[in-house]
Amino acid sequence: MRALEDKLGTALPPLLKSRYASSNGGTFDDPRNRDREWQLHPVFDASDRKQMKRTAEDIAHYTRLALQDKRFPCNGISIAHNFSLYEQLFVKRDEASGVIGEEIFLFDVHTGQWCAPYAADLPAAIAQARVPEAVQPDPARALPQFRYYADPFEAGVLRTSGETCECCGKATGYIYGGSFYAVGDESHFCPWCIANGAAAKKFDGEFNDAAGIGCAGTEEVALPPSVIAEVSQRTPSFFSYQQERWWAHCNDAGRFLGEIEHVDRALIASEAGNDFTSDTREAAHVGSDTDWQWLLDTPSRKRGIAVFVFGCLHCGKLGGYVDHS
């Protein structure tokens, strides 16, 4: 730690130093998205070859990488990342005193934006404690229902937040944090501006790529323009490794039910899921029942593949596809 402090030119905060004294690196979960896990950057340890190999990509290494993005705060020190490296946690060094603060901030590579304290300090982040939101959702205001999306909160793309919607300018108590394809960087919207099409219209963007809407296995399904517009412009996206695709059946887009580990097991095992199960096992190269159970039980972040499940709104048949990291 002294060597790292020499590189940084300043002392680590006591709480961060205490964490490294007990465990050099490691992971901790994110309570706002159960499929996100943070990897704490280690401190380089030259005590033996094994430790050198394990800790070579340390705080200093990840901070150098982060600073290559001009949008990352020049006084930031990267301390953790998610499995995709598209989001990072960092602390800030005071430009006048050089002292590193204990507040934890979040940087989003997609938007180039960073938010006010993610947590008061590292133990709070690990303990999943959060600063109370300044804006609470209005219980009298019903959330919009999305015809083609079962539960965007369960999927993690919508969450409670005090952030202001970049479309209507209001803090409704909810915010969207999924994909949005547009020329600008705006992507954080309230659910109402997504559902009524205001966000897509204002920023001339899409939540889901229109070209990927209407897949059924290896075939493409020609859908009515109104359906494509509904899914691309007024329906949340979902977190995927590659470009998302939207399954279709009965001349309509399917309803996104979530990743396979979150979908009702009884539904998957029902007659409606027979073809889906068979196709998925083949695509994921899952032969034995033990491996299939492992696929059902293991979060996608820990297996490198994701399985997205959709349901037909008309006949109930299940479909979807396998996505590789």
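Using a 10 Å Cβ count of at most 15 others and DSSP loop calls, identify the longest part of the chain lacking such chymotrypsin sites (Phe, Trp or Tyr not before Pro). Don't jump to the answer; show the numbers that get you there.
Working: sites that count: 86, 241.
Here the longest run is 87-240.
Do any of 202/317; 92/302; 170/202; 50/92 go past 26 Å between their Cα atoms, and which?
On the way: 202/317 36 Å; 92/302 30 Å; 170/202 15 Å; 50/92 31 Å.
Over 26 Å apart, Cα to Cα: 202/317; 92/302; 50/92.
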Mind checking the dipole of the chain: about its Cα centre, +1 per Lys or Arg Cβ, -1 per Asp or Glu Cβ, Debye to the nearest 20? 700
If the convex hull of the alpha-carbon atoms of the chain is projected onto planes in all directions, what is the mean projected area in square nanometres? 19.2
Segment 169-233, Rg to Rh (Cα coordinates; Rh as Kirkwood inverse mean 1/r): 1.03
For 22, 237, write out the residues from largest to smallest accessible area, computed with a 1.4 angstrom probe and no ligands counted. 22, 237
What list of ³J(HN,Hα) values in whole Hz, one per residue of segment 203-211 in order, does the Karplus curve 6.51 cos²θ - 1.76 cosθ + 1.60 (θ = phi - 60°) give from phi, with Gly and Pro shown as x? 10, 6, x, 9, 7, 10, 4, 4, 5
Cα extents of segment 278-325 along the principal axes, largest first, in whole Å, come to 33, 22, 17
Mean-square fluctuation check for the chain, GNM, Cα pairs under 10 Å: which of 279, 291, 48 is largest? 48
Assuming 0.36 nm per residue, please report the length gained on full extension of the stretch residue 1 to residue 86 beyond their Cα-Cα distance. 28.0 nm
At 1.4 Å probe size, what's the solvent-accessible area of residue 19? Round to the nearest 10 Å². 50
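Using a 1.4 angstrom probe on the protein heavy atoms only, could you order 12, 267 from most to least accessible area? Present the calculation step by step, with values, prior to reporting the outcome.
On the way: 12 10, 267 60 Å².
Of 12, 267, the descending order of accessible area is 267, 12.
Given that compact globular proteins tend to follow 2.2 N^0.38 Å, what is the ratio of the alpha-carbon Rg of segment 180-305 to that value? Provide the component values of the computation, followed by the final result.
On the way: Rg = 16.5 Å, N = 126, 2.2 N^0.38 = 13.8 Å.
Against the empirical 2.2 N^0.38 Å value, I get 1.19 for segment 180-305.
How would 315, 165 line up by accessible area, probe 1.4 Å, largest first?
Result of the area sort, largest leading: 315, 165.
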Please work out how much accessible surface residue 188 shows to a 1.4 Å probe, ignoring ligands, DNA and RNA, in Å² rounded to 10. 30
Sequence-distant residues sharing a close amide H with residue 79 (under 5 Å, placed H): 89, 90, 91
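The values are calculated or read from the model by the stated rules, or taken from the named source; none is laboratory data. What you see is a predicted model; the values in this text were computed from it and never measured. Methodologically, a virtual Cβ is constructed for each residue, glycine included, from the backbone with ideal geometry; neighbour enumeration extends over all protein chains shown. Just so you know, the surface numbers come from the protein's heavy atoms only, side chains and all, with ligands and any DNA or RNA stripped out. Shrake-Rupley method; radii C 1.70, N 1.55, O 1.52, S 1.80 Å.
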